[in-house]
Amino acid sequence: MSGSSAALQPPADAVQPVRHPDAPAPGELLGAHYGQCFGCGGEQAHGLHLAARAGEGVSVTAEFTVRPAHQGAPGLAHGGVLATALDETLGSLNWLLRTIAVTGRLETDFVRPVPVGTVLYLEAEVTAVAGRKIYSTATGRIGGPEGPVAVRAEALFIEVKVDHFIDNGRPEEIRAAMDDPDQVRRARAFEVNP
């Protein structure tokens, strides 16, 4: 990152992240945390449909294809869509910690244009944890996992209780998510969105 802010620098007493023993195994597809999520949900017609997989340690890989609905300038991905892809990938890391957390800060560098039709390959990892603060980084590449860097991000996630979503979300969606009989899906619905 070029010139990341002091807010994204872990304090001296930060610790190395520890993968939760019940976290998905490396290589396992994480799936959508919520069907209506613009980043990963399959029920969003124009969403990213980002697919993330657990990596080694506290890391994930993900990818999504830039479609015409994601463009800003003619034929190129919108910067906000690319930032969303980074945020969604970084948020997926919290599933490996088994922590409910929301984005507190996200800083992005846009290195090169990403054309419509391109598959963006993303990698993210948690770098440190300090109390409720989770520090992480991500990189997006075009042309393959070893391709040129197109976007980078550093992020700070803040651990929250499920009440954060209950108190601030739309009651009908909260009720529907809370009533889901699938325990894993129910827990994941309240995982990463601010």
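Points worth noting:
- Accessible area of Ile142 (1.4 Å probe, protein heavy atoms only, ligands and nucleic acids ignored): about 30 Å².
- Charge dipole (Cα centre; +1 on Lys/Arg Cβ, -1 on Asp/Glu Cβ; no other charges) of region 36-166 amounts to roughly 100 debye.
- Overall shape: prolate for region 59-123, with the ratio a/c of the largest to smallest alpha carbon gyration tensor axis at 1.5 or above and a/b above b/c.
- Atom-type composition of the exposed protein surface of region 19-143 places 51 percent of the accessible area on carbon and sulfur (1.4 angstrom probe).
- Taking a ≥ b ≥ c as the square roots of the eigenvalues of the Cα gyration tensor, region 1-137 is oblate, since a/c reaches 1.5 or more and a/b is not larger than b/c.
- Listed residues Glu154, Glu159, Glu56 arranged by accessible area, highest first, probe 1.4 Å: Glu56, Glu159, Glu154
- Accessible surface of Asp22 - all protein chains present, 1.4 Å probe, nearest 10 Å²: 100 Å²
The values are calculated or read from the model by the stated rules, or taken from the named source; none is laboratory data. Source: prediction; values computed, not measured. In this analysis, Cβ positions are derived from the backbone assuming ideal geometry, glycine residues included, and neighbour counts consider all displayed protein chains. To get the accessible areas, we keep the full protein, side chains included, count just its heavy atoms, and leave off ligands, DNA and RNA. Shrake-Rupley method; radii C 1.70, N 1.55, O 1.52, S 1.80 Å.
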